[in-house]
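Visitor: Provided herewith is a single structure, encoded as structure tokens, for subsequent inquiry.
The values are calculated or read from the model by the stated rules, or taken from the named source; none is laboratory data. Since the structure is predicted, the reported quantities are computational estimates derived from the model, not experimental observations. So basically every Cβ, Gly included, is an ideal-geometry build from the backbone, and we count neighbours across all protein chains shown. Keep in mind that these areas ignore ligands, DNA and RNA; they rest on the heavy atoms of the full protein, side chains included. Shrake-Rupley method; radii C 1.70, N 1.55, O 1.52, S 1.80 Å.
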Amino acid sequence: MLTLRTAYGDAMDVIRGIGELKSSRSSWAHPVGLVPTMGYLHRGHVELVRRAREESATVVVSIFVNPTQFGPNEDFGRYPRAFERDCDMLREAGTDVVFAPTPTEMYPPEFSSWVQVEDVTAPLEGASRPNHFRGVATVCNKLFNIVDPARAYFGQKDAQQVAVIHRMVRDLDMNLEIVVVPTVRESDGLAMSSRNAYLNVEERATAPVLYRALVTAREMRQDGCRDAAGVVRRMSEIIGAEPLARLDYASVVDPVSFRAVETLESPALAVLAVRIGSTRLIDNMMLQD
């Protein structure tokens with residue numbers, strides 16, 4: 001275990017082993033807040049830590065690039081990593097414990113148990129990224145068991161992931177609360193994401209098209225549009241007008257079940273996945289009066 005000093009003058013422990021973390025839990029003040037991350041942190045992650053700091057006596061942040069949520073042709077190998085920088089950011093934000101296991105620590109030889117959430121995982125991200133949510137649900141289940149937090153903090157940007165975790169916690173009677181924190185955006189509306197680091201200058205200039213499409217969807221709803229298909233069509237047109245943008249999906253869904261809706265009588269969620277060059281970005285926005 002490595003101990004660093006936080007901006008508040010307190011110790012921040014960096015722990016690699018599951019057994020070591022479990023052994024240290026008895027010394028923690030309660031309640032415990034957990035912020036699961038894959039590292040390469042940005043202001044969105046810092047906002048999660050800030051919220052956890054407000055509501056928790058002990059704040060634990062996990063940094064783990066989870067191999068089981070990546071497909072064979074995805075970016076696991078090149079996913080950005082900056083562990084020392086991340087620790088500096090977390091220390092400044094007042095984190096108490098950083099849990100940074102290796103893949104072998106989390107998935108030892110002969111590991112063969114998986115958490116499979118049905119229904120809400122089927123459309124959109126689940127259709128585009130087979131087995132992605134199996135990996136997400138399994139690693140979150142493991143982290144909840146290892147850390148035993150009262151609350152776990154997730155960002156709204158990954159809305160379907162949040163819905164999956166909510167469903168797993170409810171269905172399996174897990175003893176924690178899932179706290180969802182609003183998406184943090186750049187000044188031009190681009191949702192903060194570790195994958196934004198992949199964008200070159202021209203692609204970065206194009207990327208706010210997701211936000212523009214979502215804002216248009218919200219304005220249509222506020223102007224009285226109730227036709228979900230019309231909203232999807234307009235979002236698709238906005239994405240299609242950008243030469244560097246390629247639409248993966250656009251939809252308007254129920255924010256709990258993630259089933260597509262036909263009419264906008266109740267609050268709904270506009271969701272997008274778009275490739276800007278070779279970088280795949282996702283975003284979403286609530287549609288309501």
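Visitor: Quick check: pseudo-label points 7 Å beyond the Cα along Cα→Cβ at Arg246 and Asn131, how many nm apart are they?
Guide: Each label point is offset 7 Å from its Cα along the Cβ direction, giving 2.3 nm.
Visitor: In addition: Along the charge dipole of the chain, Cβ charges K/R +1 and D/E -1, which of Asn131, Gly277, Val231 sits furthest on the positive end?
Guide: In the chain, that residue is Gly277.
Visitor: For Arg25, what is the net charge nearby, where nearby means another residue's Cβ is under 12 Å from its Cβ and Lys, Arg count +1, Asp, Glu -1?
Guide: Residues near Arg25 contribute -3 overall.
Visitor: Right, another one. Once every DSSP H run of n ≥ 4 in the chain is given -39500 (n - 2.57) and the sum is divided by its residues, what mean residue ellipticity at 222 nm do you get, rounded to the nearest 500 deg cm²/dmol?
Guide: Mean residue ellipticity at 222 nm (helix-derived): -10500 deg cm²/dmol.
Visitor: Follow-up question, since we're still on this one. Counting only Cα, what are the radius of gyration and maximum Cα-Cα distance Dmax of region 87-166, in Å?
Guide: Just the Cα atoms of region 87-166 yield Rg and Dmax of 14.5, 40 Å.
Visitor: Report the label-to-label distance for Ala122 and Ala11 in nanometres (one decimal), using points 7 Å from each Cα along the Cα→Cβ vector.
Guide: Output for this residue pair reads 5.1 nm.
Visitor: Once label points are set 7 Å from the Cα along Cα→Cβ at both Ser266 and Asn145, what is their separation, rounded to one decimal in nm?
Guide: If labels sit at Ser266 and Asn145, their model points lie 3.4 nm apart.
Visitor: Helix 159-171 versus the longest principal axis of the chain: what angle, 0 to 90°, nearest 10, using Cα atoms?
Guide: Result, in degrees: 60.
Visitor: Stretch Ala57-Asp289 to full length: gain in nm at 0.36 nm per residue minus the Cα-Cα span?
Guide: Value of the extension gain: 79.8 nm.
Visitor: Further question: Order the peptides 98-108, 277-287 from the highest to the lowest mean number of other Cβ atoms within 10 Å of their residues.
Guide: Packing proxy ranking, top to bottom: 277-287, 98-108.
Visitor: Rounded to the nearest 0.05, what FRET efficiency do Glu237 and Thr104 have when you use their Cβ-Cβ distance and R0 = 51 Å?
Guide: The pair Glu237/Thr104 has a calculated efficiency of 0.60.
Visitor: Tell me the carbon and sulfur percent of the accessible area for the chain, rounded to whole percent, probe radius 1.4 Å.
Guide: 48 percent
Visitor: Explain nothing, just the number: relative contact order of the chain, from Cα pairs under 8 Å at least 6 residues apart, as a whole percent.
Guide: Answer for the chain is 16 percent.
Visitor: Further, regarding this structure: So what's the angle, to the nearest 10 degrees on a 0 to 90 scale, between helix 132-147 and the longest Cα principal axis of the chain?
Guide: Between helix and principal axis, roughly 30 degrees.
Visitor: Order 24-32, 164-172 from most to least packed using the mean count of other Cβ atoms within 10 Å.
Guide: Per-residue Cβ counts within 10 Å, averaged per peptide and sorted highest first, yield 164-172, 24-32.
Visitor: Given the options Gly94, Gly224, Gly189, state which has the largest fluctuation in a GNM of the chain using a 10 Å cut-off (strictly under) for Cα springs.
Guide: So, out of Gly94, Gly224, Gly189, the one fluctuating most is Gly224.
Visitor: How large is the translational diffusion coefficient of region 1-116 in µm² per second when you combine the Kirkwood radius over alpha carbon pairs with Stokes-Einstein at 20 °C and 1.002 mPa s?
Guide: Answer, rounded: 143 µm²/s.
Visitor: Calculate, for Val215 and Met174, the FRET efficiency according to 1/(1 + (r/R0)^6) with r their C-beta to C-beta distance and R0 51 Å; round to the nearest 0.05.
Guide: So, using R0 = 51 Å, E works out to roughly 0.90.
Visitor: Taking Cα atoms, how many degrees apart are the long axis of helix 228-240 and the longest axis of the chain, rounded to 10 and kept between 0 and 90?
Guide: Rounded to the nearest ten degrees, it is 80.
Visitor: Cα convex hull of region 137-289: how many Å³ per residue?
Guide: Convex hull of Cα atoms, per residue: 123 Å³.
Visitor: Subtracting the Cα-Cα distance from 0.36 nm times the residue separation, let me have the gained length for Ser23 to Val201 in nm, one decimal.
Guide: Extending this stretch completely gives an extra 59.4 nm.
Visitor: Calculate, for Asp188 and Glu74, the FRET efficiency according to 1/(1 + (r/R0)^6) with r their C-beta to C-beta distance and R0 30 Å; round to the nearest 0.05.
Guide: Working from the Cβ atoms, E equals 0.65.
Visitor: Let me ask something additional. Counting only C-alpha contacts under 8 Å and six or more residues apart, can you give the relative contact order of region 106-176 as a whole percent?
Guide: 34 percent
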